[in-house]
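The structure appears below as structure tokens.
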Amino acid sequence: MNRIKTLLLLMALLLLRTPLLIAQVTTPDWAKQIYGTDAINGTSQYDDIATDKQGNIYALYWEGGYVTAGGQTTTDSTSSTVLTSWDCNGNLRWMKSFGASGSFLQSGNVGLSLEVDTLGGVYVAGYATSPQAARTMYLSTDTVLNMPAGMRIEYLCKYNSLGQFQWMRTPVYDTALQTPRYNSFSVSPSGEVIWFALLDTGTYDGSAFNISTRKYYAVSYNAAGSFQSVVSLALTPPVSANNDGLVSFKFDPVQNRFYAWTGYNANYGSLSMGNTPIIPPTGTGFGSAVLGAFNRQGQNMWVRQASPDKTSSIWGVTFDDNGTIYLKGISEPGAVFCGDTASNTGGSTWTAHLIALDSNAVVRWSNYASVDIAVSNAPGITYANNTLIATGTYNGTLGWNNQTITNQSAQSKGYAVKVNATTGVAQQLVALSGTTIDGFTCTALDKNGNVYLGGSFEGNMTFGSNTLSSIPSWELNHFLLKYKNVNCGCDLVQPAFSMVHTTGKTYQYSYTGGTPYTALSWDFGDGTPAASGSNPAHTYNALGTYTVCVTATNSCGSNTTCRYLTIDATGVDELSAAFNLIQLHPTPATAQLTIENAGNGTRVDVFDVVGKLTVSETLNGTTDQIDISRLVSGMYLLRFTGKDGEQGMRKFVKE
């Protein structure tokens, strides 16, 4: 149904001896090389990239010793992580090296992940250890922390966009060095930091909070680094002796909820999310993919598990602004997740997949790669402007829709795929070739559709007019690549719109995005001609789900955003903007349905699938419960009507 008028970016990659024969190739913009004097065990697992609203790029790499980037070299010889910032033209703005005193150790000071906010904040989460002797952990010349022997710390730090140090927090400062702790973090546009960790009983962050039960927790800090709250998440932790199969987390600030995912295997022990026990996997390999949603109080809203008799795993999760969840993972053909069955037209091995879910875990689309040899995934997946970029590694022949690449070497090679986030169709597939070892490990998209890819290589690499050679030639070096969509200094309009149900199957649309623009074009998703203007109305002829898009154009080019519209028997919008923070749980429900964030005075009407009104109540505000015990099992529609008359629709299942 979607007919997006503009393809934001067509990528291609030319590397060393074998050029890629891909239609609609665009010229890469620039490539930068980052390398250190001490190789860190030949790995790039902690790479990360982010971009800010000014178009600056931030890259975090695990590099050791004296590190060189952009023509500059750090002054310390014991660094193990480097944080770099680049402008749109690929000029190095500033660089920070993180390390620890004493002889170089790969575990000395590791930056795990990188986030930015919309206020100029740049955040890094990491850890440092002093396994054998006392050490001094440092963040460049900005701050130091003395660590006794046998110490492990988990830290959060913040810089501003100019590279000026803001603060550092150490939630974990622990002498129990052998106690592994999993952690990750998310940052909201306003700078709220959510740090996720598996915590044992004890006191944390200088007595800021106490933990009495070993569980997973979400710890909140504000943009100034002040502790705000700690919330336990309703899922069981792994067995004490286990270091594998841990759960990953991410915070969605638009839906105001947490997501947790894992590839559940026998090493984990018993796992439950909320009141739902996860079925032990009976297949082999990575285990069984599990995804759960949690509200801000840590309560489980829903949980989905892939079929336990097939191998599957989730490797990355990201979101758009309308509640759509995008998953990247791998699956064995025949694995079923959220009612969708994995397939591999190229063979019987594990295949990579991308899946889009709505906020209630209903599949919007899925796309499975075709591969004759099993693929693996890298953590990188990112979303912007109706575009997804995902990375991984492959051998043999790999295909996504009509895009195909082949790797005939004995080494696994990195690939990146660009996908239309509304339809799920792959638009471009690129790969590294001609190097001994290489791979994409992270990716970012800026507001102008420029694509940035980070990773590592060994040997020689040609990217456009740039030729890079690893230093020394036998060690992995890092790279940062840019594919240009818009010239630096020229900004695309950032489109947005609202939609309101008026009567029957008629909707009023209003453009609420950036200005100035030279043209607006509306695609209502039903095959009718495109419309113009800032406030069009449109009447649909049939019930169904439609993809509504608006394209805004200025002198720099065109930019598109889309939303889903579902017209049911009641003829109202499923995802009205006024109600996009509403949360429903549990799903499916039995006797009572809990509704959160609907707003005081909002009326909710419950309809069955033929449009018969079954329940009608006025809600009090933050958390409400409605009695559904007398309803028969099946699908129901909730129509919300606000005080201003705007309406929105959600679905739920009654067991």
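Observations
- Some residue of region 483-498 being surrounded by 16 or more Cβ atoms within 10 Å (Cβ to Cβ) and over 26 Å from the mean Cα position of the chain (by Cα): no
- In region 328-354, the residues that are closer than 9 Å to residue 312 by Cα and in a loop (DSSP other than H, G, I, E, B) form Cβ pairs under 8 Å with partners that are open to solvent by 40 Å² or more (accessible area, probe 1.4 Å) and among the acidic types (Asp, Glu), at six or more places apart or across chains, as follows: 350/332.
- Residue list for region 463-482, filter: in a loop (DSSP other than H, G, I, E, B) and open to solvent by 50 Å² or more (accessible area, probe 1.4 Å): 465, 471, 473, 474
- Among residues of region 581-625, those that are within 26 Å of residue 303 (Cβ to Cβ), surrounded by 18 or more Cβ atoms within 10 Å (Cβ to Cβ), of a type in the set (Val, Ile, Thr) and without any contact (Cβ under 8 Å) to a residue 60 or more places away in the chain, counted: 3
- In region 513-531, the residues that are within 33 Å of the chain's Cα centre (by Cα), over 14 Å from residue 562 (Cβ atoms) and among the hydroxyl-bearing types (Ser, Thr, Tyr): 515, 517, 518
- The single residue among 465, 498 that is of a type in the set (S, T, N, Q) and in contact with a helix residue (DSSP H, G or I) (Cβ under 8 Å, 6 or more places away or on another chain) turns out to be 498.
- Criterion: open to solvent by 40 Å² or more (accessible area, probe 1.4 Å) and of a type outside the set (Ser, Thr, Tyr) - qualifying residue of 246, 235: 246
- Note on region 89-100: among residues that are open to solvent by less than 20 Å² (accessible area, probe 1.4 Å) and more than 13 Å from residue 36 (Cβ to Cβ), the one that is nearest to the chain's Cα centre (by Cα) is 90.
- Some residue of region 415-429 being open to solvent by less than 20 Å² (accessible area, probe 1.4 Å), outside any strand (DSSP E or B) and farther than 29 Å from residue 564 by Cβ: no
- Annotation: residue 366 fulfils all but one of (1) among the hydroxyl-bearing types (Ser, Thr, Tyr); (2) open to solvent by 40 Å² or more (accessible area, probe 1.4 Å); (3) within 18 Å of the chain's Cα centre (by Cα); (4) modelled with pLDDT under 95; the unmet one is (4).
- Among the residues of region 626-643, those identified as among the β-branched types (Val, Ile, Thr) and surrounded by 16 or more Cβ atoms within 10 Å (Cβ to Cβ) are 626, 628, 641.
- The residues of region 398-408 that are farther than 19 Å from residue 326 by Cα and open to solvent by 50 Å² or more (accessible area, probe 1.4 Å), listed by number, are 402, 404, 406, 408.
- Some residue of region 227-243 being of a type in the set (Gly, Ala, Ser), in a strand (DSSP E or B) and at pLDDT below 95: no
- The residues in region 534-555 that are outside any strand (DSSP E or B) and surrounded by fewer than 17 Cβ atoms within 10 Å (Cβ to Cβ) can be counted, and the count is 6.
- Sub-7 Å Cβ pairs linking a first residue in region 229-252 that is of a type in the set (Phe, Trp, Tyr) to a second residue that is at pLDDT below 90, at least 6 apart or interchain, are 249/184, ordered by first then second residue.
- Residues located in region 252-268, provided they are over 16 Å from residue 357 (Cα atoms) and either in a strand (DSSP E or B) or in contact with a Ser or Thr (Cβ under 8 Å, 6 or more places away or on another chain) (or both): 253, 262, 263, 264, 265, 268
- Within region 175-196, residues that are within 17 Å of residue 228 (Cβ to Cβ) and of a type outside the set (Ser, Thr, Tyr) reach partners that are modelled with pLDDT under 85 and surrounded by 14 or more Cβ atoms within 10 Å (Cβ to Cβ) with beta carbons closer than 9 Å, at six or more positions or on different chains, in the pairs 195/183; 196/182; 196/183.
- Failed condition for residue 275, given (1) under 25 Å from residue 192 (Cα atoms); (2) open to solvent by 60 Å² or more (accessible area, probe 1.4 Å): (1)
- Applying a threshold of 6 Å to beta carbon distances and a minimum spacing of six or more residues, or different chains, the list of pairs starting in region 69-88 at a residue that is under 16 Å from residue 126 (Cβ atoms) and open to solvent by less than 10 Å² (accessible area, probe 1.4 Å) and ending at one that is outside any strand (DSSP E or B) and of a type outside the set (Asp, Glu) reads 80/108; 81/62.
- For residue 165: the one exception among (1) farther than 15 Å from residue 97 by Cα; (2) open to solvent by 40 Å² or more (accessible area, probe 1.4 Å); (3) among the hydrophobic types (A, V, I, L, M, F, W, C): (1)
- Sole exception among (1) crowded, with 20+ Cβ neighbours inside 10 Å; (2) under 27 Å from the mean Cα position of the chain (by Cα); (3) farther than 26 Å from residue 52 by Cβ for residue 153, by number: (1)
- Within the option set 394, 383, being open to solvent by 10 Å² or more (accessible area, probe 1.4 Å) and of a type in the set (Ser, Thr, Tyr) holds for one residue only, 383.
- Residue check for residue 293: over 26 Å from residue 651 (Cβ atoms), assigned to a strand (DSSP E or B) and at pLDDT 90 or above: no
- Positions within region 187-205 being open to solvent by 60 Å² or more (accessible area, probe 1.4 Å) and in contact with a Lys or Arg (Cβ under 9 Å, 6 or more places away or on another chain), in sequence order: 201
The values are calculated or read from the model by the stated rules, or taken from the named source; none is laboratory data. Just so we're clear, the structure is a prediction, and the values are computed from it rather than from any experiment. For neighbour counting, all protein chains shown are included, and Cβ atoms are generated from backbone atoms with ideal geometry for every residue, glycine included. Ligands, DNA and RNA are excluded from the accessible area calculation, which covers all protein heavy atoms including side chains. Shrake-Rupley method; radii C 1.70, N 1.55, O 1.52, S 1.80 Å.
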